[in-house]
1. Pairs only if they're at least six apart or on different chains, beta carbon under 7 angstrom, first in the range 354-368 and over 14 Å from L383 (Cβ atoms), second surrounded by 14 or more Cβ atoms within 10 Å (Cβ to Cβ) and of a type in the set (F, W, Y); list them, first residue then second.
2. Could you check, for the range 233-240, whether at least one of its residues is under 21 Å from H347 (Cα atoms) and out of contact with any Ser or Thr (no Cβ under 6 Å at 6 or more places or on another chain)?
3. I'm checking my understanding of the structure. Among residues of the range 329-364 that are in contact with a Lys or Arg (Cβ under 9 Å, 6 or more places away or on another chain) and not small (G, A, S), which one is surrounded by the most Cβ atoms within 10 Å (Cβ to Cβ)?
4. Could you check the range 130-172 and list, in sequence order, the residues that are outside any strand (DSSP E or B), crowded, with 24+ Cβ neighbours inside 10 Å and of a type outside the set (S, T, Y)?
5. Take the range 20-48 and flag every residue that is more than 18 Å from S134 (Cβ to Cβ) and either in a strand (DSSP E or B) or polar (S, T, N, Q) (or both).
6. May I ask you to say which residue of V296, V261, V310, V256 is in contact with a helix residue (DSSP H, G or I) (Cβ under 6 Å, 6 or more places away or on another chain) and hydrophobic (A, V, I, L, M, F, W, C)?
7. With S216, S171, S146, S175 as the choices, which residue is in contact with a Ser or Thr (Cβ under 7 Å, 6 or more places away or on another chain), of a type in the set (G, A, S) and more than 19 Å from W394 (Cα to Cα)?
8. What number of residues within the range 177-208 satisfy the criterion of being modelled with pLDDT of 95 or more, touching a Leu at 6+ places or on another chain (Cβ under 8 Å) and either farther than 13 Å from D231 by Cα or outside any strand (DSSP E or B) (or both)?
Amino acid sequence: MSTTITVTSAAELNQALSQATGGETILLAAGNYGKLSLKNAQYASNVTLKSADPNALASFSEVYLTNSSNITFDEIKFDYTFSQGDANHTTKFLISSSNNITIDNSVFDGDFASGTGTNADGTGFGKGLVIRDSSSIDVINTEFHSWWKALGASRSTDINFSGNNIHTIRSDGISLGEVQNVLIENNYIHDFGGAAGSGDHRDMIQIQRSNGTGSSDITIRNNILDMGTGDYTQGIWAGQDKASYSDAADWNYNIVIENNVLYNAHANGIAVHMTNGLTIDSNTLITVPSQQTGGVATPKIIVGGSSKNVTVEQNVTPSVVGYTGQSDWIVQDNAIIQNRDPSLPDHYDFMFTYIATAAIDGYNQYGVIPGSKVDLLDAGSSLVDLYPLDYDSWVGSSSTTVVNPGGSGTNNTGTTSPDSGTSTPTAPDSGTSTPTAPD
């Protein structure tokens, strides 16, 4: 039998959690509940922490879940404030060795650090949410903004990142390492801002090899990746760093990248290496005009030539790099386009109608002209059929307007552990009506 409990202070929240067994919904009055540390909180069924008023979100400054299960955060604000001495990789929101955790309809609000070290221009700091050694984790319908890196999972299985709005990020939007069974779907990832001189390697979605070990069974589909008015980034990247071709454990297996739309200005639009079982199908890769980006590169589909059992078909792209006739590759029905010579029939002007461009609208939308090569090949993402489209409404969570988001337009291409204490969070303040942007 479910039970609903309303709490108005950190002490009341701690008491409710200590007495919960499973099935409870704990409604939090607006305010700051400080640091929440749950260790060995193994509930028999789901326990939900939810803001009592969706227009006045309860917030936490730190959350650490360790060896815990069956917990949902709904309509919660995870609010980081930079402190002098914090590292880029500062982590205040961590799920570790846990399972059946859901974060829904929430906001991860990062912070900027002006005049400090490599981040002197005031761009994002810290990691939004880190997931380690965990399983069955859902992060859905949630906004991430103003971070160094937004959302990451390592050594974990059965991960679902869907319907999230990720923007104003300095380095990576979503990063994965040594993971299995991951779904990344219906996310709006956009408007990154680099930090001059930082050496950041900006990726909207990255599959890493922290120890050389690969990942498997990853599906990336129906996402909109738009540079917008921000700095260019790599789009979807899976490299071959720290890997040995002779070690089967170092390969990635069974990666599907389908029906995504990408507007950017880096050669690595979709770039995947050392993968056995790779499908890149019905994606649209569009170059953002050079007058906006400073004349950098055109996003392409790039596949490492050693990859095995590869299918690349019905994409809209300027080129497919890596195919040299390998017998276990299928490369067909891709609409090859270009935006350099307007007199040639494969130029953008013969393929697209420009519904929105970032220089004017803050986002990009290029619709397909009926009868064009793209139309006749039925190539590219079906998401473009929805244009004109309000991306925020499509993703289900609006983009917070961020003050002084930084951004450099440059060519820049360990995590702090929480303390072991379980001190009582500070009592909440009176709250605010909506999540606010950092100073």
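The values are calculated or read from the model by the stated rules, or taken from the named source; none is laboratory data. Note that the structure is a prediction, hence the values are computed from the model and not measured. Backbone-built Cβ (ideal geometry, glycine too); neighbour counts: all protein chains shown.
1. Y354/Y366
2. no
3. Among those that are in contact with a Lys or Arg (Cβ under 9 Å, 6 or more places away or on another chain) and not small (G, A, S), it is I337.
4. N164
5. T21, E24, T25, I26, L27, L28, G31, N32, K35, A44, S45, T48
6. Of the residues listed, the single one that is in contact with a helix residue (DSSP H, G or I) (Cβ under 6 Å, 6 or more places away or on another chain) and hydrophobic (A, V, I, L, M, F, W, C) is V261.
7. S146
8. So the answer is 4.
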